[in-house]
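Below is one structure; the comments refer to it alone.
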Amino acid sequence: MARPSDETASSDIETQLYAKRQKIYPREVHGLFAWLRTAAVLALLGLFYIVPWLRWDGRQAVLFDLPGRKFYLFGLTIWPQDFIYLSALLIIAAMSLFFFTALAGRLWCGYACPQTVWTEVFLWIERKIEGSRSQQMKRDKAPLNASKFAVKATKHAVWIVFSLWTGFTFVGFFTPILELGAKLLTFSTGPWETFWVLFYGFATYGNAGWLREQVCIYMCPYARFQSAMVDSNTLVISYDTARGEPRGPRRRGLDPSEKGLGHCIDCSICVQVCPTGIDIRDGLQYQCIGCAACIDGCDDVMQKMNYPKGLIRYTTQNALAGGETKILRPRVIIYAAILLVALSAVFYGLLTRDPIGLDVIRDRNALYRETSDGWIENVYTLKILNMEEIPRVFDVDIAGIEDARLVEDEDGVVVGGGEVVSYVVRVQVDPDEMSRQSTDFEFSVKARDDDSRVAVESARFVGPRWMGES
Amino acid sequence: MPTPLTQRITAVLWPSFLMAGLATVVFFAVFDPYDLVAPTWFPNLSRLGAYSIGFFLFWLLTASSCLLTCYFQRPVNRVNRLPGRDKE
């Protein structure tokens with residue numbers, strides 16, 4: 001409902017309610033944890049950009065072939081029937097997240113989350129083009145002129161090219177990347193491929209270039225429930241209040257106790273390096289993604305001041321309070337146990353996976369047919385799936401229905417390696433022999449050259465209502 | 001506490017995106033679009049196209065539901081503020 005007269009009042013409320021986001025300019029930081037994060041970024045993005053180009057047995061090694069409804073993971077092929085493994089994989093991912101969070105807080109967010117990883121790259125590009133934090137802030141305050149425009153346009157152009165390459169790589173996980181690349185060179189990619197390249201590219205550009213920490217604060221579900229996994233024995237990034245306070249500026253070389261000060265010189269480096277713009281000295285906060293940039297920043301300052309490092313450090317609440325940190329506690333053991341069980345179940349399941357699949361689909365058009373000799377006939381489509389890489393010939397048989405005839409058009413079905421074949425068979429019975437209108441029975445397919453390759457599936461035979469009444 | 005605009009938009013588009021993605025995976029793992037619609041209605045639609053359209057239909061559905069949730073969260077006294085009445 002539009003209420004024009006209310007417009008001014010509501011727009012007042014809008015300005016009050018919707019706080020404008022202050023842009024955060026994280027200051028560049030060097031140190032152990034920055035190095036670790038760079039290593040993680042290189043490893044993870046390296047995997048992302050290289051893996052789709054790997055080959056295995058003449059095909060793409062890792063391909064989630066959505067059009068073909070098959071997932072290839074090196075030597076392994078996952079079918080829609082193996083959906084259970086996907087669920088198991090999700091459980092494993094969730095449990096790993098719980099396990100590592102209970103041990104050491106938001107390791108995932110600080111080092112491995114795609115949001116962090118791509119934002120790092122975008123920040124790196126930004127720094128190469130726009131310069132340091134102070135240069136960026138100065139430029140953003142200055143009025144728009146030719147040089148500012150040139151710098152900004154260059155940055156966005158590089159971001160966009162990188163995003164498009166990311167989108168292309170992403171789609172390359174789902175359609176063969178070599179063909180996709182060839183099609184791209186001639187601008188002949190399919191409409192849906194083009195759409196998803198642009199969609200993922202745009203998402204990368206928007207999330208890593210513009211939204212950044214807002215993704216962590218407003219979009220991430222994990223950040224919201226992290227407190228359920230963290231306890232007082234979890235390693236978190238903390239400011240040592242007892243050692244740092246009272247904070248205050250001082251000359252180098254001065255004994256802080258003379259001035260009644262703690263070790264924090266209130267230089268605000270920890271705030272400047274924070275990608276989410278918080279002050280870690282206010283305590284553990286929901287916005288903290290555990291990137292440890294403040295540790296690196298502060299350690300640097302402590303070294304310059306000749307104070308011991310670790311005013312901000314990875315520690316536990318218990319340790320800060322002077323107690324002991326217990327690593328093996330029930331929640332860690334339980335998470336680890338569930339993780340181990342799920343992992344072993346997946347491995348066991350994959351190793352003992354039935355390599356032959358059989359689906360039986362009844363003919364949808366007719367419930368039954370009557371043959372010329374008065375018998376009742378049902379038509380079935382068998383979907384025979386051969387998960388192994390060797391082609392095989394399969395023989396079809398039925399069991400559990402007395403004196404029925406199985407009518408096939410061919411002698412045995414040839415199913416190539418990694419293929420599904422639809423095969424139509426007819427089952428006929430003498431209505432006088434039947435005691436019921438519908439009868440459950442079983443189809444079986446068996447490889448001609450290997451008795452262990454068998455699949456059995458139940459089916460139902462349906463006749464006219466009068467069948468079995470006489 | 002003011003709610004940033006980004007958070008409001010995100011609260012509608014993002015959870016619905018996640019759920020639509022999940023629904024698409026589960027739905028198409030069970031139903032092959034070729035068996036479902038392709039032969040009769042959209043003979044030229046590729047599987048990738050069917051998945052994509054399916055995803056956006058799911059997203060439309062889930063986003064509508066998120067939007068309605070937000071809409072009904074509006075406090076009653078704000079609905080009461082009709083034109084012509086004194087503003088509090």
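The values are calculated or read from the model by the stated rules, or taken from the named source; none is laboratory data. None of these values were measured; they are calculated from a predicted model. Counting neighbours? That spans all protein chains shown, and the Cβs are built from the backbone with ideal geometry, glycine included.
Details
- Looking only at residues in the stretch A:109-137 that are among the aromatic types (Phe, Trp, Tyr) and surrounded by 19 or more Cβ atoms within 10 Å (Cβ to Cβ), the one that is nearest to A:Cys288 (Cα to Cα) is A:Tyr111.
- Within the stretch A:199-219, the residues that satisfy the criterion of being surrounded by fewer than 16 Cβ atoms within 10 Å (Cβ to Cβ), hydrophobic (A, V, I, L, M, F, W, C) and within 12 Å of another protein chain (Cβ to nearest Cβ) are A:Phe199, A:Trp210.
- So B:Thr10, is it in a loop (DSSP other than H, G, I, E, B) and within 12 Å of another protein chain (Cβ to nearest Cβ): no
- Residue count for the stretch A:340-369 under the criterion of being touching a Pro at 6+ places or on another chain (Cβ under 9 Å) and either surrounded by 15 or more Cβ atoms within 10 Å (Cβ to Cβ) or without any contact (Cβ under 8 Å) to a residue 24 or more places away in the chain (or both): the result is 1.
- Filter result for A:Arg247 (of a type outside the set (Gly, Ala, Ser) and within 30 Å of A:Tyr335 (Cα to Cα)): no
- Among the candidates A:Arg59, A:Arg69, residue that is over 22 Å from A:Gly201 (Cβ atoms), in contact with a Phe, Trp or Tyr (Cβ under 7 Å, 6 or more places away or on another chain) and modelled with pLDDT under 90: A:Arg59
- Which listed residue is more than 14 Å from every other protein chain (Cβ to nearest Cβ) and in contact with an Asp or Glu (Cβ under 7 Å, 6 or more places away or on another chain), from A:Gly181, A:Gly262: A:Gly262
- Subset tally (residues that are within 30 Å of A:Tyr380 (Cβ to Cβ) and over 23 Å from the mean Cα position of the chain (by Cα)) for the stretch A:322-359: 8
- Looking only at the stretch B:27-44, and only at residues there that are at pLDDT below 80 and of a type in the set (A, V, I, L, M, F, W, C), the one that is surrounded by the most Cβ atoms within 10 Å (Cβ to Cβ): B:Ala38
- Out of A:Gly244, A:Gly172, A:Gly190, one residue alone is within 14 Å of chain B (Cβ to nearest Cβ) and in contact with a Leu (Cβ under 6 Å, 6 or more places away or on another chain). It is A:Gly172.
- Any chance A:Asp449 is of a type in the set (D, E, K, R) and loosely packed, with under 13 Cβ neighbours inside 10 Å: yes
- Scanning the stretch B:14-26 for residues that are among the hydrophobic types (A, V, I, L, M, F, W, C) and more than 9 Å from chain A (Cβ to nearest Cβ), we see that the one that is surrounded by the fewest Cβ atoms within 10 Å (Cβ to Cβ) is B:Leu22.
- The selection criterion, being closer than 30 Å to B:Gly54 by Cα and assigned to a helix (DSSP H, G or I), does not hold for A:Trp124.
- Meets criteria (small (Gly, Ala, Ser), farther than 18 Å from A:Leu367 by Cβ and in contact (Cβ under 8 Å) with a residue 60 or more places away in the chain) for A:Ala459: no
- There is no residue in the stretch A:140-157 that is of a type outside the set (Gly, Ala, Ser), touching a Ser or Thr at 6+ places or on another chain (Cβ under 8 Å) and assigned by TED's automatic domain parsing to the domain that holds A:Leu36.
- Considering residues of the stretch A:396-427 that are under 19 Å from A:Ser372 (Cβ atoms) and surrounded by 18 or more Cβ atoms within 10 Å (Cβ to Cβ) only, the residue modelled with the lowest pLDDT: A:Ala404
- Where a residue in the stretch A:306-326 is over 21 Å from A:Arg247 (Cα atoms) and its partner, wherever it lies, is among the β-branched types (Val, Ile, Thr) and modelled with pLDDT under 90, with Cβ under 7 Å and at least six apart: A:Thr316/A:Thr325; A:Asn318/A:Thr325; A:Ala319/A:Thr325
- Hits in the stretch A:246-291 - residues which are within 19 Å of A:Met302 (Cα to Cα) and either polar (S, T, N, Q) or not assigned by TED's automatic domain parsing to the domain that holds A:Tyr111 (or both): A:Ser257, A:Ser268, A:Gln272
- Unique residue being farther than 28 Å from A:Phe33 by Cα and either of a type outside the set (Gly, Ala, Ser) or assigned by TED's automatic domain parsing to the domain that holds A:Val51 (or both) when the list is A:Leu107, A:Leu178, A:Leu123: A:Leu178
- Being closer than 26 Å to B:Phe27 by Cβ, without any contact (Cβ under 8 Å) to a residue 40 or more places away in the chain, part of a strand (DSSP E or B) and within 14 Å of chain B (Cβ to nearest Cβ) holds for only one residue in A:Phe64, A:Phe71, and it is A:Phe71.
- Considering A:Ile338, A:Ile295, A:Ile390, A:Ile289, the condition of being among the hydrophobic types (A, V, I, L, M, F, W, C) and either modelled with pLDDT under 90 or over 30 Å from A:Met229 (Cα atoms) (or both) is satisfied by A:Ile390 alone.
To keep it simple, each residue is scored yes or no on (1) small (Gly, Ala, Ser); (2) free of Cβ contacts under 8 Å to residues at least 40 places away in the same chain; (3) touching a strand residue (DSSP E or B) at 6+ places or on another chain (Cβ under 9 Å).
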position	(1), (2), (3)
A:Phe83	no, yes, no
A:Met95	no, no, no
A:Arg106	no, no, yes
A:Gly110	yes, no, yes
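- Index of the failed condition, A:Ala9 passing every other in (1) at pLDDT below 95; (2) among the hydrophobic types (A, V, I, L, M, F, W, C); (3) assigned by TED's automatic domain parsing to the domain that holds A:Thr166: (3)
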